[in-house]
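The values are calculated or read from the model by the stated rules, or taken from the named source; none is laboratory data. Everything numeric here is computed off the predicted structure, so don't read it as measured data. For neighbour counting, all protein chains shown are included, and Cβ atoms are generated from backbone atoms with ideal geometry for every residue, glycine included.
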Amino acid sequence: MKYLAAVMSVLLLAGMAMAQDKAPKAAGLKITKITGTVNLMKDGMVVMTLKPGDALPSLVDPSMTFAVVEGSIEVEAAGQKITAATGANFTVTSDNGQMNVALTAGTPVEIKNTAGNTVVLTENSEVKMIMTNGNVEVTVVTGNAMVSSSSGGASTNVQAGEKIDMVVPVVAPPAGTPPVVTPPVDDGIEPPTPPFEMPVIPVMPVEPPSVIPSQELSTSAG
């Protein structure tokens with residue numbers, strides 16, 4: 001009986017491990033904000049309808065289509081924030097540092113990163129973005145996109161087949177920040193001991209004692 005119980009325990013633990021391996025993992029997509037009605041679609045079918053106040057689901061598929069019926073939606077993927085408004089029907093695919101955003105129909109979709117660089121897609125356009133070491137390579141697959149930097153300069157119209165790099169600027173520390181002091185590295189080697197020097201003791205001159213003149217006493221004759 002003890003042997004049978006041990007075998008059953010091993011099988012139960014193995015089954016639990018297999019179930020954990022098959023559990024769905026979170027995708028690179030995250031819905032962060034909804035202000036209206038949005039349909040979540042897959043393969044042309046509506047799988048969920050979200051409205052204000054609904055709990056935002058955790059997406060397990062790296063590719064999802066969003067149809068904004070009214071209001072707006074905000075989605076995060078690969079460090080980028082994607083915002084779309086009423087009428088937009090777009091697909092986001094994010095995997096291994098690469099993100100594709102395709103706008104099938106409707107109002108423009110804006111893609112913005114934390115540095116303030118933006119990419120605006122128009123209808124029937126798709127962009128591919130590859131993020132590597134602070135650099136974002138934007139390639140327009142179809143249609144066109146307006147790309148602008150965080151400096152607020154003129155936007156660049158990128159056509160299909162063209163690419164442009166967006167460098168994320170390095171943020172300088174604010175003025176008045178004290179410099180970072182690097183502590184010395186203890187390499188285990190003790191500094192050499194300085195040679196011993198005899199301290200110099202000043203010798204004060206000794207004055208000779210004062211001489212008191214002796215007085216001779218005369219003896220009077222008797």
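So here's what we get for this one:
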read-out: Those residues of segment 50-73 which are more than 30 Å from N135 (Cβ to Cβ), among the β-branched types (V, I, T) and assigned to a loop (DSSP other than H, G, I, E, B), in sequence order; value: none
read-out: Boolean, G116 is surrounded by 12 or more Cβ atoms within 10 Å (Cβ to Cβ), assigned to a loop (DSSP other than H, G, I, E, B) and at pLDDT 95 or above; value: no
read-out: Selection within segment 74-102 - part of a loop (DSSP other than H, G, I, E, B) and within 17 Å of N144 (Cα to Cα); value: A88
read-out: Some residue of segment 36-49 being touching a Lys or Arg at 6+ places or on another chain (Cβ under 9 Å), in a loop (DSSP other than H, G, I, E, B) and at pLDDT 95 or above; value: yes
read-out: Check on V200, surrounded by fewer than 10 Cβ atoms within 10 Å (Cβ to Cβ) and either modelled with pLDDT under 65 or over 23 Å from V75 (Cα atoms) (or both); value: yes
read-out: Residue list for segment 103-113, filter: at pLDDT 95 or above, assigned to a strand (DSSP E or B) and either among the basic types (K, R) or under 16 Å from T156 (Cβ atoms) (or both); value: E110, I111
read-out: Whichever residue in segment 122-139 is under 16 Å from V158 (Cβ atoms) and touching a Gly at 6+ places or on another chain (Cβ under 7 Å) and, among such residues, is surrounded by the fewest Cβ atoms within 10 Å (Cβ to Cβ); value: N124
read-out: Residue tally, condition in contact with a Phe, Trp or Tyr (Cβ under 8 Å, 6 or more places away or on another chain) and of a type in the set (G, A, S), over segment 68-119; value: 4
